[in-house]
Amino acid sequence: MNRPEKQPDSSPYAAARPTTDVAAESPLAANLAGLLTHEDVDRARDRWRVSRARWRERGSKTIGGLSVLWLLIGPGVLVFLGENDAPSMLSYAATGARFGIGFFLPFVVLTFLMGLVVQEMTVRLGAVTHRGHAEMIFDRFGKFWGFFSLGDLILGNFLTLVTEFIGIRAGLGFFGIRPIIAVGIGLAVVISTIATGRYWTWERITLALAIFNGLFVPAALLSHPDWKAAGHALLTWTPLPRGRGEDILLLILADIGATVTPWMIFFQQSAVVDKGMQPRDIRAGRFDTLLGVVLAAGFGIAAILACVPLYLHGINSSQFEAAQFAEALEPWIGHAGAALFALGIFEAGIVAAIAISTSSAYAFGEVLETGHSLNRPLRDAWPFYSALLGSAAAAAGLVLIPGVPLEMIVLTVNVVAVLAMPPALVFLLLLVNDAEVMGEQANGSWENAAGVTVVALLIVAGIGFGLGTVFPHWIHR
């Protein structure tokens, strides 16, 4: 019987998981030989399915064949729909409600293109090295920079998790569900997704939840948007809208932070590793990431369009908190539209809470050099699961504290993410340019030009925010 050929991995980091390719030939035999852990057995079974699909579709002209593509899709879609989280969607809502579509519609598209550049490098790095991002930083740059990047990630992730549970609470609050029950539901969903002890199952459950980010599309349609104006905005990119300079600057940074954040790098690289993707899967990984960009950008634009009626009718939304957007929209898009918007916010918080808490747990496990895979049972990787559940539970508890200024926290978290992104991107660029690490998959001139451009734009945005904060009279001129 002919078997699919294996493609050798030329990366010097291929030895990090030496048994995975052995298991791809016969996971049962390798397991019986005692070569693999529980984690490797599960990952090997997933690779075996990919190998069989490649063999069946060896003549297909699609990217590896549709069956192969279906098996490999996941991390890219999840990372972008996860980043379409509660603070991101509320940032888009605030954008549409305050300033309409003229400047911000094409600007949001630009931020997603920036995200595509960053996450494509992340896919290559994970597929070639078979190691998580935190692990790679510790290995290549030492403990100081490793702990610096880890601390940056953990703090940013925790603050963001708090806003996810704000979104969960606010989304269900529209339907009269008490905060403690809403937050409890959110935490229960996070726990249930990891109960199977299987990456593949976790990924498919989370993908099924993530697709409900599309609830913003019917909400936008019910707002009866001016499609001609939207098309004109996308093609012409009108100047900055009039208004308070500090408000505009805050939303610019919030919308960047709604698309490009450090947790995305750590999460997608670790997910690529946990999925067992190899260098030959990079093309499919790029398609997966592009698909995530297209879906998330479409849903983000839908959130902007859904809230444009508030702008057109001169409603002051500057003090709106999370649930109030759905309530304010009800006269213009009906109860059904407002309910869809509220459910969309709930969904955005749920998916991001799952992905971000997992991102923190991956990094934590990598640094402690203990089990850090969703393919591991609880008894073998209890520090990993403790970090995941502990961060989610602590964030959920903080959300129940009364008197929290919801919208300001939501916008500020995205701004903090932008300010934290340049150092994370510098580490990423250094790693994907390291020939010893990447081999033939190292960055070329075009990839470097795109990556440096993204870093420069983020630095300019951060400097602009800093100057606007210190010298507010400048942005009134």
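Structural remarks
- Qualifying residue in segment 422-435 (condition: under 22 Å from Ile256 (Cα atoms), of a type in the set (A, V, I, L, M), crowded, with 21+ Cβ neighbours inside 10 Å and modelled with pLDDT of 90 or more): yes
- Contact annotation: residue pairs with Cβ atoms under 8 Å, 6 or more positions apart or on different chains, pairing a residue in segment 99-110 that is on the phi > 0 side of the Ramachandran plot with a partner that is buried (at least 19 other Cβ atoms within 10 Å of the Cβ), are Gly100/Val308.
- Matching residues in segment 90-104 - criterion: being small (Gly, Ala, Ser) and either over 21 Å from Val413 (Cβ atoms) or at pLDDT 90 or above (or both): Gly100, Gly102
- Qualifying residue in segment 105-127 (condition: closer than 22 Å to Ala348 by Cβ, among the hydroxyl-bearing types (Ser, Thr, Tyr), modelled with pLDDT of 90 or more and part of a helix (DSSP H, G or I)): yes
- Residue that is touching a residue at least 60 places away in the same chain (Cβ under 8 Å) and over 30 Å from Arg124 (Cβ atoms), where the choices are Ile356, Ile345, Ile301, Ile265: Ile345
- Among the candidates Ala208, Ala219, residue that is assigned to a helix (DSSP H, G or I), of a type in the set (Gly, Ala, Ser) and under 18 Å from Ala271 (Cα atoms): Ala208
- The set of residues from segment 328-387 being at positive phi and at pLDDT below 85 comprises just one member, Glu369.
- Residue within segment 150-161 that is among the acidic types (Asp, Glu), surrounded by fewer than 21 Cβ atoms within 10 Å (Cβ to Cβ), free of Cβ contacts under 8 Å to residues at least 40 places away in the same chain and part of a helix (DSSP H, G or I) present: no
- For the residues Gly186, Gly167, Gly197, the requirement of being part of a loop (DSSP other than H, G, I, E, B) and in contact (Cβ under 8 Å) with a residue 12 or more places away in the chain singles out Gly197.
- Long-range neighbours under 8 Å by Cβ, at least six apart or interchain, first residue more than 20 Å from Val418 (Cβ to Cβ) and part of a helix (DSSP H, G or I) within segment 231-257, second at pLDDT 75 or above and among the β-branched types (Val, Ile, Thr): Ala233/Ile101; Leu234/Val109
The values are calculated or read from the model by the stated rules, or taken from the named source; none is laboratory data. None of these values were measured; they are calculated from a predicted model. Ideal geometry is used to build each Cβ from the backbone, glycine not excepted, and the neighbour counts take in all protein chains shown.
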